[in-house]
Amino acid sequence: MQDLLHLTWREVSDLRSTVLVRGESGTGKELVARAIHFSGDRAPKRASSPSPAPRSPETLLESELFGYEKGAFTGANAQSKGKFELADGGTIFLDEVGDISPKLQADLLRVLQERRFFRVGGKEEIRVDARVIAATNKDLAKLVEEGTFRDDLYYRLNVIEIQIPPLRERREDIPMLAAHFVDRLNHELGRAVECLSSDALRVLMDYNWPGNVRELENAIERALVTCRSTELTRDDFGFLGQSRNSHTWVIPPNTTLADLERRAIKVTLGRKPQAT
């Protein structure tokens, strides 16, 4: 993740080019999108994302993205600006872009090509300068082959691609992530847990994390709630069990969390950014 974040700061953050962030659910795609926005020259402007999920009714997502005019539909009692218009000069984050309908695919393509659109029920063309960062956990190229996703929209979105690996493929990040979540959740939950035992950390390193970083955060929170001491132990993570095909990390006896963090930092610094 440090490699990816440094990549966004060095090469992507100041560009207007569309970015496609790919990765499994829970890997931190929105985190990368926020890093791109707030580390670039668009940071003073607004970063926005639609509220409804892509699987919501088409008209709801359309009005959320592009706004609507008074009287455009039942309940439209006043003009409303959409997320694109509000993000003018800034960034709009489109999550789960692989799930949007064919009509919205066409509307989004027009915005990317021409930087303009109409509000729902409107006749006035709105021009906008909003950098688009799209995210998906699906293989858009495969969807194009299947005919469910427009190839021209795919090429417009895939100008800069950033692939976030799942947590099971970057296990050396787990100690630092776990320590971060313990520190943050201590404050949020009013707890006073000081650290994770080496046995507890071994459980976290051996688990396969199908839900990725989001699942790790939830596991730390659950363990903090039930913990009866100032140290998280193996017993506090008994609810995890073991994933199939889990990768066993051999942690030498008497290894401290600080030792593991130093090792993780060395591995991270030796990585190459995964972006195309």
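Some observations on this one:
- Other-chain or far-sequence residues with amide H under 5 Å of residue 21's (modelled H): 134, 135, 136, 162
- For region 2-164, the alpha-carbon coordinates run over 49, 40, 27 Å along the three principal axes, in decreasing order.
- For residue 226 and residue 214, the difference between the fully extended length at 0.36 nm per residue and the C-alpha to C-alpha distance is 2.4 nm.
- Taking other residues whose beta carbon is less than 13 angstrom from the beta carbon of residue 224, and scoring Lys, Arg as +1 and Asp, Glu as -1, yields -3.
- In order through region 115-120: 3J(HN,Hα) via Karplus (6.51 cos²θ - 1.76 cosθ + 1.60), integer Hz, x for Gly, Pro: 6, 7, 6, 10, 5, 4
- Close amide H partners of residue 47, meaning residues 5 or more places away or on another chain with modelled amide H under 5 Å apart, are 91.
- Couplings 3J(HN,Hα) of region 104-109, computed from phi: 5, 4, 5, 5, 5, 4 Hz, in residue order, whole Hz [Karplus 6.51 cos²θ - 1.76 cosθ + 1.60, θ = phi - 60°; x for Gly and Pro].
Computed from the coordinates by the stated procedures, all read-outs in this text should not be read as laboratory data. Not measured: the values here are computed from a predicted model. As a convention, Cβ positions derive from the backbone with ideal geometry for all residues, glycine included, and neighbour counts pool all protein chains shown.
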